[in-house]
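These notes concern the structure reproduced below.
The values are calculated or read from the model by the stated rules, or taken from the named source; none is laboratory data. This structure is a prediction, so every number in the text was calculated from the model and none was measured. Glycine gets a Cβ as well: all are built from the backbone with ideal geometry, and neighbour counts include every protein chain shown.
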Amino acid sequence: MNELNCDNWTSVKLGDVAFDINDRVANPSESGYECFVGLDHLTSGDFTIRNWGSTEDVTSSMKLFKKGDILFGRRNTYLKRASMANFDGVCSGDAYVLRFNPELLVDGYLPLILNSSELWDYTNAHSAGGMSKRAKWRDLANFEFYLPSKEEQRRIADILWAAEDVIVKNEQFLAEAEHYKQLMMRELFHKGIGHTEFKEDKKVGVVPVEWEIKKLSEISSIKTGPFGAQLHQSDYVNSGTPIITVEHLGKYGITNNNLPFVSDEDKNRLFQYILKEGDIVFSRVGSVDRNCLVSKREEGWLFSGRLLRVRPNQDKITPRFLTNYFKHEDFKGYMKKVAVGGIMASINTALLSNVHIPVPSVNEQKQIAAILTQIDETIAAARETIESTKALKMKLINELLSPHLE
């Protein structure tokens, strides 16, 4: 892109270029509009709305929005949610419906303004409330920024929407790759590789005749994390040995965000809860299907009392085969079904010990794991592309929309 011409940029307020629309729909389920958008459907940084619900069960009055309007999350503003609708529908009253002023803005430029760091810094500084900070339109309308000519707006919008298009396409590819992995797991965990004869087992379904069916306790050891009497949150320190909690069981592995730590003295005291590479940690409360494989990075860390540790007997079962089986939709559905309790469902060592696992030969386990690992590597590459493109997009928003501040 050629150097931007900043000579004709003018200072304006958000209220000059956007209108707050307050049209209402009394009975959304009978209105003819099919799509309902709540704040949970909005994702930080997304220029467009990609998720929505149905109006079928929406009985109270809602705001009306039209294609091209931007829904701006006015509650919990630290989540930075502002996305454009590509369809008509209704939305929660916790969102502002903003419509661009065509006399001053080109189509597609308002979402860029509303996703800039400068706008969100201003919004959070002018939001009120305690646990759930809210923004008021009268404050947002006074946000001042520099606005280029429409010609420059179009040039900037073309660049940033091209980056958005790359993100959307990669997210679609990622979803397809994840779906393909589930299909492959269903095939591999029921038919294996190269088998022609199968048997029906009431615990695991159809599997090759040669495969054994084992209780998890027969092929691994299972241990619950330290209970409150052994470890309290007050024992946590600012540095030392990390402790993995339920919050660190991510979709794609163990995360290291905001890890708590314990001292070397406490680590020695809790030596029986030290993790090894190849262990698998399970959530035992709440989302009982959440589990992650412990990598070399996490070896020597501890796990918390709300987790269970599965340590595979690697002479009988390989960690990568077992952790992939735990990610299989059939297994996840089974865990949710057998968990005890209501809203806070839970599992324990006894329940997990009695889970039945199909066990191929170790060689076939390695072959199955290798196939799924290749898919995982494709998924990881797509995720990396998405994250790097998102970072580039935000960098460009802040650079291209505020050239006077350089």
How many of the residues in the range 13-68 are over 30 Å from residue 391 (Cα atoms), surrounded by 13 or more Cβ atoms within 10 Å (Cβ to Cβ) and β-branched (Val, Ile, Thr)? 4
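Quick grid of which residues meet (1) among the hydrophobic types (A, V, I, L, M, F, W, C); (2) closer than 21 Å to residue 207 by Cα:
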residue	(1), (2)
332	no, yes
338	yes, no
355	yes, yes
372	yes, yes
Report, ordered by the first and then the second residue, all pairs with beta carbons closer than 8 Å, sequence separation of six or more or different chains, a first member in the range 292-309 that is within 16 Å of residue 346 (Cβ to Cβ), and a second member that is at pLDDT 95 or above and polar (S, T, N, Q). none
Residue list for the range 205-233, restricted to those being in contact with a Leu (Cβ under 9 Å, 6 or more places away or on another chain), within 12 Å of residue 358 (Cα to Cα) and surrounded by fewer than 19 Cβ atoms within 10 Å (Cβ to Cβ): 219
Of the residues 299, 329, which single one is at pLDDT 90 or above and acidic (Asp, Glu)? 299
I'd like the residue in the range 191-204 that is in contact (Cβ under 8 Å) with a residue 40 or more places away in the chain and surrounded by 14 or more Cβ atoms within 10 Å (Cβ to Cβ) and, out of all such residues, is farthest from residue 372 (Cα to Cα). 204
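Find the residue count for the range 46-70, including only residues that are part of a loop (DSSP other than H, G, I, E, B) and either out of contact with any helix residue (DSSP H, G or I) (no Cβ under 6 Å at 6 or more places or on another chain) or of a type in the set (Ser, Thr, Tyr) (or both). Working first, answer last.
Within the range 46-70, the subset part of a loop (DSSP other than H, G, I, E, B) is 46-47, 49-52, 55-61, 66-69.
The next check asks that each one be either out of contact with any helix residue (DSSP H, G or I) (no Cβ under 6 Å at 6 or more places or on another chain) or of a type in the set (Ser, Thr, Tyr) (or both); those that pass are 46, 49-50, 55, 57, 59-61, 66-69.
Looking only at that region, the number is 12.
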Across (1) surrounded by 15 or more Cβ atoms within 10 Å (Cβ to Cβ); (2) touching a residue at least 40 places away in the same chain (Cβ under 8 Å); (3) of a type in the set (Val, Ile, Thr), residue 10 clears everything bar (1)
What's the total number of residues in the range 92-103 that are of a type outside the set (Ser, Thr, Tyr), in a strand (DSSP E or B) and either closer than 29 Å to residue 9 by Cβ or at pLDDT below 95 (or both)? 4
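Kindly indicate whether residue 363 is in a helix (DSSP H, G or I) and loosely packed, with under 13 Cβ neighbours inside 10 Å.
yes
So in the range 98-121, with the set limited to residues that are of a type in the set (A, V, I, L, M, F, W, C) and under 14 Å from residue 154 (Cβ atoms), which one is farthest from the chain's Cα centre (by Cα)? Break it down into steps so the answer makes sense when it comes.
In the first step, residues of the range 98-121 are kept if they are of a type in the set (A, V, I, L, M, F, W, C); the result is 98, 100, 104-106, 110, 112-114, 119-120.
When the remaining residues are screened for being under 14 Å from residue 154 (Cβ atoms), the result is 100, 104-106, 110, 112.
Working: 100: 30, 104: 36, 105: 33, 106: 32, 110: 26, 112: 23 Å.
Top of the filtered list is 104.
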Cβ pairs under 8 Å, 6+ apart or interchain, first in the range 162-178 and of a type outside the set (Asp, Glu), second outside any helix (DSSP H, G or I), ordered by first then second residue, are 168/48; 168/50
When only residues in the range 104-157 that are part of a loop (DSSP other than H, G, I, E, B) and charged (D, E, K, R) count, which is nearest to residue 393 (Cα to Cα)? 107
Going through the range 80-93 one residue at a time, which ones are in contact with a Gly (Cβ under 9 Å, 6 or more places away or on another chain), crowded, with 16+ Cβ neighbours inside 10 Å and not hydroxyl-bearing (Ser, Thr, Tyr)? 80, 81, 82, 84, 85, 91
Can you find even one residue in the range 337-347 that is surrounded by 21 or more Cβ atoms within 10 Å (Cβ to Cβ) and not hydroxyl-bearing (Ser, Thr, Tyr)? yes
